[in-house]
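Colleague: Dropping the structure in here first, questions after.
Please treat every number below as a calculation from the coordinates, not as lab data. From a predicted model like this one, the values you see are computed outputs, not experimental measurements. All Cβ positions, even for glycine, are placed from backbone atoms using ideal geometry, and neighbour counts span all protein chains on display.
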Amino acid sequence: MRTNSIKKIINPTLFKEQISLWSQQFREVTILDSNTQSNENQLYKTYDFVVAVDAFTSIQTDFEKAFEDVYQYQSKSNDWLFGYLAYDLKNDVEHLQSQNFDGLGFSDLYFFQPKKIFLLKDTTLEIQYLNMCDDEIDSDFEDILNQEKSESQESKVTIQQRISKENYLKKVNKMLAHIHRGDIYEANFCMEFYAEEAEIAPYEAYKKLNEISDAPFSVYFKKNQHYLLSASPERYLKKENEKVISQPIKGTAKRNSNSELDEQNKVALQNNAKERSENIMIVDLVRNDLSQTATKSSVKVEELCNVYSFKQVHQMISTITSNVAHTTSPIEILRTTFPMGSMTGAPKISAMKIIEELEETKRGLYSGAVGYFTPSGNFDFNVVIRSILYNSENKYLSFSVGSAITSEAIPENEYEECLLKAKAMFEVLREKG
């Protein structure tokens with residue numbers, strides 16, 4: 001079905017830029033960058049850089065029977081598939097609704113079978129083309145190597161805040177009332193920043209966001225006029241043969257240009273009882289989710305509350321793994337864990353209901369997941385955070401940020417954490433946070 005070709009890449013950094021520019025000619029593009037050189041959190045990394053372009057087949061649907069539909073598509077195609085699961089697929093998993101404002105108009109689920117795939121690891125590039133176009137491998141590779149850097153284009157945006165600071169503080173206090181009443185013990189509460197009549201050069205904006213953040217699960221995703229520009233530090237879920245890996249993030253601290261103060265911030269996060277309790281609550285939730293498809297006694301916490309440093313922030317990350325039977329469908333593993341615990345709360349269903357009530361924007365692809373399936377049924381998906389979403393047709397641009405609210409939460413501090421997480425997106429769009 002596919003023709004494989006192996007090439008040696010002398011300068012991977014230059015090649016990544018060249019192939020990214022070359023890919024822009026296609027209607028469907030997925031670029032996944034693990035920014036290997038700058039990230040210490042590289043557990044379970046398979047590739048340094050992946051590019052998939054040009055849909056041969058695709059599936060697009062709303063939430064109704066979405067997991068059933070993608071199960072049929074993935075089972076029959078038996079090939080590489082790239083795409084996303086939007087947060088509102090929660091409505092397919094549970095009896096929930098999404099009635100908040102949506103300015104972006106992304107479908108709830110989209111995957112495509114690319115004609116052309118490029119998989120880079122160190123200096124080895126594996127090219128996989130569908131047989132129907134394998135005669136284009138050498139000419140495409142030559143075109144890629146002849147790409148020249150593009151001129152930077154300015155973004156034109158005026159960013160507005162969907163929930164005012166005053167209203168945000170009121171809403172967090174309502175969330176705290178739910179916690180003190182015992183309805184939930186943790187929930188991820190998010191707010192949107194947006195721009196209307198926004199004009200941006202999506203790839204240029206992504207490139208800048210990626211340079212600022214250097215995140216291990218960065219994504220540039222294009223589906224015709226819908227774009228995702230993501231600098232995500234978080235893995236949602238990976239399946240590697242019989243092993244399933246989840247790496248939730250809960251706990252954030254500022255970086256500091258002074259190395260001594262920066263180390264103090266890192267140590268303070270490591271020892272912060274509130275941040276650790278947030279993380280441990282989500283670890284428990286993930287353990288429970290994974291247990292639904294795990295073989296007996298196989299769910300393990302491989303690392304608990306380890307702090308990793310990224311360009312913008314320090315983050316607290318845990319790694320939970322399980323084993324599954326080889327007969328277990330990859331779609332079932334995703335369905336029983338979606339949406340991810342780090343973006344919902346605990347108990348999960350109650351948290352999602354309260355989130356819907358207090359937030360003012362439909363999350364859509366934000367806090368969903370982007371990734372791929374392999375022909376053998378393995379997969380790897382990120383969590384869509386630290387991301388800009390853009391509809392170039394209606395010129396609507398959006399990015400959302402959130403934080404975990406627990407009984408220890410101080411509303412003013414949660415607001416400041418949201419602004420810290422929004423900093424890179426403001427910088428890319430030339431606005432002040």
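Colleague: Amide H neighbours of Glu303 under 5 Å, counting only residues 5+ apart in sequence or on other chains, H built in-plane at 1.01 Å?
Modeller: Thr319
Colleague: Measure nothing fancy, just the Cα-based angle from helix 259-270's long axis to the longest principal axis of the chain, in degrees from 0 to 90, nearest 10.
Modeller: 70 degrees
Colleague: Can you work out ³J(HN,Hα) from phi for every residue in region 356-373, in order, using Karplus 6.51 cos²θ - 1.76 cosθ + 1.60 and θ = phi - 60°, giving whole Hz and x for Gly and Pro?
Modeller: Karplus values, whole Hz, x for Gly and Pro: 4, 5, 9, 6, 10, 10, 5, 5, x, 6, 4, 6, x, 8, 10, x, 8, 10.
Colleague: Let me ask something else. Under 18 Å from a label point 7 Å along Cα→Cβ of Arg27: give me every residue in region 202-245 with its amide N that close.
Modeller: Of the residues in region 202-245, 221-228 have backbone N under 18 Å from the label point off Arg27.
Colleague: Once amide H atoms are placed 1.01 Å from N in the peptide plane, what residues at a sequence separation of 5 or more from Ser218, or on another chain, have their amide H within under 5 Å of its amide H?
Modeller: Asp33, Ser232
Colleague: Cα centroids of region 38-89 and region 345-367: how far apart, whole angstrom?
Modeller: Using only Cα atoms, the two centres lie 23 Å from each other.
Colleague: Note down the net charge around Tyr129, summing +1 for each Lys or Arg and -1 for each Asp or Glu among other residues with Cβ under 13 Å from its Cβ.
Modeller: -4
Colleague: Got a sec to turn the phi values of region 152-162 into Karplus ³J(HN,Hα) couplings, 6.51 cos²θ - 1.76 cosθ + 1.60 with θ = phi - 60°, whole Hz, x for Gly and Pro?
Modeller: Working through the residues one at a time gives 5, 10, 7, 8, 10, 9, 10, 8, 10, 10, 5 Hz.
Colleague: Amide H to amide H under 5 Å from Ile405: which residues, 5+ apart in sequence or cross-chain, H placed 1.01 Å off N in plane?
Modeller: Ala187, Asn188, Phe189
Colleague: Please go through region 131-204 and write out the trypsin sites (Lys or Arg not before Pro) that DSSP classes as loop and that have at most 13 other C-beta atoms within 10 Å. Intermediate values should be presented prior to the final figure.
Modeller: Numbers: sites: Lys149, Lys156, Arg162, Lys165, Lys170, Lys171, Lys174, Arg181; in loops: Lys149, Arg162.
Answer in residue order: Lys149.
Colleague: Can you return the lysines within cross-link range of Lys254? Criterion is Cα-Cα under 18 Å, with same-chain partners fewer than 8 residues away left out.
Modeller: Output for Lys254: Lys266, Lys274, Lys311, Lys421, Lys423, Lys432.
Colleague: While we're looking at this one, here's another question. Which of the trypsin sites (Lys or Arg not before Pro) across region 32-141 are loop residues per DSSP, with 13 or fewer other Cβ within 10 Å?
Modeller: Working: sites: Lys45, Lys65, Lys76, Lys90, Lys115, Lys116, Lys121; in loops: Lys45, Lys65.
Of the trypsin sites (Lys or Arg not before Pro), the ones in loops of region 32-141 whose Cβ has at most 13 other Cβ atoms within 10 Å are Lys65.
Colleague: Work out how much length Glu211 to Lys170 would gain on full extension: take 0.36 nm times their residue separation and subtract the Cα-Cα distance, in nm to one decimal. Don't skip to the answer; put the middle values down first.
Modeller: Values: separation 41, 0.36 × 41 = 14.76 nm, distance 3.55 nm.
Computed gain between Glu211 and Lys170 is 11.2 nm.
Colleague: Now for a separate question. Report, in debye and to the nearest 20, how large the dipole of region 2-428 comes out about its Cα centre when Lys and Arg carry +1 and Asp and Glu carry -1 on their Cβ. Could you put the intermediate results ahead of the total?
Modeller: Numbers: 47 positive and 63 negative charges, 176 e Å.
Dipole about the Cα centre, nearest 20: 840 debye.
Colleague: Can you give the Rg to Rh ratio for the chain, taking only C-alpha atoms and Rh from Kirkwood? Each step should come with its number before you reach the end.
Modeller: Working: Rg = 20.7 Å, Rh = 21.9 Å.
Rounded to two decimals, Rg/Rh equals 0.94.
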